[in-house]
Amino acid sequence: MDRVTGFKIIAGLTLLMVAIHLLNMLTGYSLTMFGLAPRTAHGLVGIVVSPFLHVSTAHLIANLVPFLVLGTLVIAEGFKRFAVVSAIIILLGGSLVWLFGFNGVHVGASAWVFGLWAYLLGRAWFHRSWSNVLIAGTVALLYGGLIFGFIPRPGVSVEGHIGGAFAGFIAAGLLLSAPRSRSNAAR
């Protein structure tokens, strides 16, 4: 897949989030009830749905800009890789929020964003190459401020940020780590 096609997929996901947000606004934010509600049966659907729901336009925009950049960097490895990384982030990260999150409804793509960020940093750790290290350095420089997303504050799902980042790093480890040879391990 070429980079233009990859960017079109990321742009399509972005437009889907915008369309869902507009529908949510028009219905008085009634779709928010499908967000992730920890430790409830009805909250399970939120594991998959919550990344596409946002509680305000500012919330949506704050997630879309880094999603466009980080998603484009990941999909440059191919659609299949992006899909698997995203599935791990959304399912594992969401499950962690469902298990350990505060009571309330968690929504927003920030867990996905944190997961893509951690995947790109993990990619440089597990698959060392100049290009991966350069991309990770650029990502760390541009989005190093995401680290403040781990600081608890009202209205922010720190659990989502932590769960997403953990899942992104796990995705990098699962997809990119290769067993080291005995001769390498002994050095």
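Could you grab me the full set of residues in segment 106-148 that are surrounded by 20 or more Cβ atoms within 10 Å (Cβ to Cβ), part of a loop (DSSP other than H, G, I, E, B) and not aliphatic (A, V, I, L, M)?
Hit for segment 106-148 is GLY108, nothing else.
For segment 62-104, name all the residues that are among the small types (Gly, Ala, Ser), within 13 Å of the chain's Cα centre (by Cα) and either closer than 14 Å to PHE169 by Cα or surrounded by 21 or more Cβ atoms within 10 Å (Cβ to Cβ) (or both).
GLY71, SER86, ALA87, GLY93, GLY94
Residues of segment 76-134 being hydrophobic (A, V, I, L, M, F, W, C), farther than 27 Å from GLY46 by Cβ and in contact (Cβ under 8 Å) with a residue 40 or more places away in the chain, which ones? Don't jump to the end; show me each part of the working.
Looking only at segment 76-134, we keep the residues that are hydrophobic (A, V, I, L, M, F, W, C), and these are 76, 79, 82-85, 87-92, 96-100, 102, 105, 107, 109, 111-114, 116-118, 120-121, 124-126, 130, 133-134.
With the extra rule that they be farther than 27 Å from GLY46 by Cβ, the set shrinks to 76, 124-126, 130, 133-134.
If the condition is that a residue be hydrophobic (A, V, I, L, M, F, W, C), farther than 27 Å from GLY46 by Cβ and in contact (Cβ under 8 Å) with a residue 40 or more places away in the chain, then ALA76, TRP125, PHE126 are the ones that fit.
Check SER110 against each of (1) within 22 Å of VAL48 (Cα to Cα); (2) modelled with pLDDT under 95; (3) among the hydroxyl-bearing types (Ser, Thr, Tyr) and name the one condition it does not meet.
(2)
Name, by its number, the condition in (1) in contact (Cβ under 8 Å) with a residue 12 or more places away in the chain; (2) under 27 Å from GLY145 (Cα atoms) that does not hold for ALA58.
The failed condition is (1).
Name the single residue, out of those in segment 135-154 being in contact (Cβ under 8 Å) with a residue 60 or more places away in the chain and not aromatic (Phe, Trp, Tyr), that is farthest from SER110 (Cα to Cα).
ILE135
The values are calculated or read from the model by the stated rules, or taken from the named source; none is laboratory data. Everything quoted here is computed from the prediction, not taken from an experiment. Don't worry about glycine lacking a Cβ; one is built from the backbone with ideal geometry, like all the others, and counts go over all protein chains shown.
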